[in-house]
1. Hey, got the dipole for the chain? About the Cα centre, +1 on K and R Cβ, -1 on D and E Cβ, debye to the nearest 20?
2. In a GNM of the chain with a 10 Å cut-off on Cα contacts, which of Glu48, Glu158, Glu125 has the highest mean-square fluctuation?
3. Please go through the residue pairs Lys89/Lys132; Lys282/Lys335; Lys120/Lys287; Lys114/Lys287 and name each one whose alpha carbons sit more than 26 Å apart in this structure.
4. Which FRET efficiency value, to the nearest 0.05, do you get for Ser176 and Leu233 by plugging their Cβ-Cβ distance into 1/(1 + (r/R0)^6) with R0 = 35 Å?
5. Mean Kyte-Doolittle hydropathy of -0.5 or higher plus an axial Cα length of 20 Å or more: which whole DSSP H helices in the chain meet both?
6. Rounded, prolate or oblate for the stretch 23-136? Axes are the square roots of the Cα gyration tensor eigenvalues, ordered a ≥ b ≥ c, and the cut-off for rounded is a/c under 1.5.
7. Below 8 Å between Cα atoms, with a sequence gap of 6+, how large is the relative contact order for the stretch 6-115 in percent?
8. Compute the separation of the alpha-carbon centres of the stretch 232-269 and the stretch 36-72 and state it in Å as a whole number.
Amino acid sequence: MTHLTTTEFEMFALFEVTPDLVCIAGKDGFLKKVNPAVVQKLGYTPEELYSSPVASFIYPEDRDMTGQVRTNLLNGEALLNFQNRYVSKDGTIVWLEWTSIYIADKEIVFAIAKDITERKRQEKEIEDKYKKFKSLATHFKKSIEEDRKFLAVELHEELAQLATVVKMDIHWLRDSITDMSGVFKSRIEHALMISQLLINTIRRISFSVSPGMLDDLGLNEVLTWHCREFSVLNGIPCQFEHDYEESVLTNEVKLDFFRVCQETLSNVMYHAQATSVAISIKDIGDKICLSIMDDGKGFDLNHQKQSPGLTRIRKRTASINGELTILSEPGNGTKVCVAIAK
């Protein structure tokens, strides 16, 4: 206390009535003066506060962090809205938000803090609710995907096999009946073509419903195959390139990246009138970015109605805490980007 002049303590008296916590601490890490709000909030007497280092009142897990910030403060870096926890005399944890300055010629720190314990409690409550709802959303997504897998297996293993048997029977009829008329033979060939088309369609729908290859081959291989299939079926060149470590993506993110690609390619097929599509997944530092770009007719973002496809893409992106960016203008194609933190 002898380090402070009478004038300085008189100035400090102006803060005696404020509900904020006001402190003066020495460079040695001990408190020199506190206002009544500090005593009331932490429950210690002024003598108890002055007799121990400030660090001894800080919540143990926050001491190292606070020590580093204090070092920066003593080196001339202003401290604004710094948050840490203190332990009151009765063991209660108190969250404080500090604004501090270091007065070098007096070797003192002048600090004002607000009690943000209630705000932190509310933030924690919101965070817990968010985690709960996210867990439920993830559970529902997994349940839906399991149902999709079951349906895909039924399509592939049951319907496709039945269609294959029908095709084999038609083959047998064509090869066994030697004296069939030209019309009959034409109908047989037509039936063979339709049965093969049916088999291919069932397989394509099965893959669309649930890409079982994703678990076996990984996202990169599946997207490479999907682009090739898209090109063959629609006559629109579709290229896929990647520059990232696939292992950094969770299974949930891989599936959602695939679904976003699937939804976007569907929009391209039905609406874009594009002549080419390019898909890429790249590491851009602290994020992994999925990009789907076409050279189609584009649209005006300000006047575009919210289509079911775009709504599903937005929901998929939100479910993995991603950032969705859609760039488009009439005549200049469309670019859809989904970025997630690594």
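1. 820 debye
2. So, out of Glu48, Glu158, Glu125, the one fluctuating most is Glu48.
3. Result: Lys89/Lys132; Lys120/Lys287; Lys114/Lys287 exceed 26 Å.
4. 0.55
5. For the chain, where a helix must reach 20 Å along its axis and average at least -0.5, the hits are 160-176, 182-209, 219-234, 251-267.
6. Because a/c hits 1.5 or more and a/b exceeds b/c, the stretch 23-136 counts as prolate.
7. 27 percent
8. Comparing the Cα centres of the stretch 232-269 and the stretch 36-72, I get a distance of 53 Å.
FYI, it's all coordinate maths here, none of it is from the lab. The structure displayed is predicted, hence computed values, not measured ones. Cβ atoms come from the backbone with ideal geometry, glycine included; neighbour counts cover every protein chain shown.
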